[in-house]
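What follows is one structure encoded as structure tokens, with my remarks underneath.
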Amino acid sequence: MYTGTEKRLFGQSFSPEAITAKQFINKHYYNNIGELSSYQPVTLCNFIKQLPRNRMIHLDRGWSHLSELLAVLDHFPNQQQQFVIKIKPKAEQIATLRQHRIKYMTVVIVNHDSELQYILNHLTDEINIIGIELVAANLSDSHVQLDVIRHIKALGLTVMINTLTLNTTTSLFGTLDDDNAILASPENIWQEVMINYQPNMINTDWAPLLSQYRRQLGH
């Protein structure tokens, strides 16, 4: 959940951290026209139990409760290869992963060159960092240049570029975002991302449309 979306999702303002898990999962979602639905939150444990073994789960925005998140994942030793954790390049998060017995696959969100250098200097067998998510409001930033991306990939790391459209004020990868791809031209957005930046993965809210477009290109 994004902080501040509680009223839109549940019809009331509250802090999820101020209530119990039981109180939270007993709430009901509201649909996109503001009407009460029959759907309720699902615990992470129950979600994982229903996760097909040929699928992976990308765990985002759990960094403020990283130790608790790792403890939940530890209950599923036969599914460890299905979990990818996303963190920020913070010393405390690095330390938590280093100290944890099970080395889950981890992707680090990088917004600036200094953050990238910090992570590259902390690559170690004690942390299973498999990739870097590159975020940049300005595409002239040094950490998103093609030679840097090629260097990251040469280190054996996956490069993810985030084209999600969060709102009208937040830019995750310049003007190369999902809204512009869908409403204007995928050739000018997704194709530019694929050709000019050559990521291994694109983080999108429109995976079926991107997949269809890639098939058209013969990717």
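Loop-resident chymotrypsin sites (Phe, Trp or Tyr not before Pro) (DSSP state other than H, G, I, E or B) in segment 1-79 with no more than 16 further Cβ atoms inside 10 Å of their Cβ: Y2, F14, Y29, Y39. With contacts taken as Cα pairs under 8 Å and at least 6 residues apart, segment 156-219 reaches a relative contact order of 38 percent. Please identify the longest segment of the chain free of exposed GluC sites (Glu not before Pro), where exposed means a DSSP state other than H, G, I, E or B and no more than 15 other Cβ atoms within 10 Å. Of all site-free stretches, the longest is 36-125. When the inverse distances between all different Cα atoms of segment 1-128 are averaged and flipped, the Kirkwood radius reads 16.7 angstrom. Over segment 1-72, accessible surface divided per residue gives 74 Å², non-protein components excluded, 1.4 Å probe. Taking the accessible area of segment 64-112, probe 1.4 Å, and keeping the other protein chains in place, the carbon and sulfur fraction comes to 50%. Normalised Debye scattering of segment 130-178 at q = 0.15, 0.16 Å⁻¹ gives log10 I(q)/I(0) of -0.40, -0.45, counting only Cα atoms as equal scatterers and leaving out solvent. Averaging Cα coordinates gives a centre for segment 4-66 and one for segment 169-184; these two points are 26 Å apart. Across segment 72-169, counting alpha-carbon atoms alone, Rg and Dmax equal 14.4, 43 Å.
Ligands, DNA and RNA left out, the accessible area of segment 145-214 computed with a 1.4 Å probe is 50% carbon and sulfur.
Only helical runs count toward this figure. For the chain, summing -39,500 (n - 2.57) over DSSP H runs of n ≥ 4 and dividing by all residues gives -8000 deg cm²/dmol at 222 nm.
When the pairs K86/K153; K27/K90; K7/K90 are compared against a 27 Å limit on Cα-Cα distance, K27/K90; K7/K90 fall above it.
Here the contact order of the chain, divided by its residue count and restricted to Cα pairs under 8 Å and six or more residues apart, works out to 11 percent. Place +1 on the Cβ of every Lys and Arg and -1 on the Cβ of every Asp and Glu in segment 1-147, take the dipole about the Cα centre, and give the residue among C45, Q93, H143 whose Cα lies farthest towards its positive end. Of the candidates, C45 comes out farthest on the positive side.
Amide H to amide H distances under 5 Å link E133 with V108, I109, V110, M160, where only residues 5 or more positions off or on other chains count and H is placed in the peptide plane. Distance between the 7 Å Cα→Cβ label points at S67 and T3: 2.0 nm. Expressed as a whole percent, the accessible surface of segment 1-62 that belongs to carbon and sulfur atoms is 52, based on a 1.4 Å probe. The tail of the calculated P(r) for the chain beyond 25 Å holds 50 percent of all Cα-Cα pairs. Ordering W206, I182, I152 by Cα displacement along the dipole of segment 141-219 toward the positive end leaves I152 in first place; charges were set at the Cβ atoms of Lys, Arg (+1) and Asp, Glu (-1).
Between F47 and L209, the modelled label-to-label distance comes to 2.3 nm, taking each label 7 Å out from Cα in the direction of the beta carbon. For the pair N78 and F14 in one chain, pulling the backbone fully straight at 0.36 nm per residue adds 19.5 nm over the alpha carbon distance.
The values are calculated or read from the model by the stated rules, or taken from the named source; none is laboratory data. All figures in this text were calculated on a predicted structure; none of them were measured in a lab. All Cβ positions, even for glycine, are placed from backbone atoms using ideal geometry, and neighbour counts span all protein chains on display. Quick note on the areas: whole protein, heavy atoms, side chains included, nothing else; ligands and nucleic acids left out. Shrake-Rupley method; radii C 1.70, N 1.55, O 1.52, S 1.80 Å.
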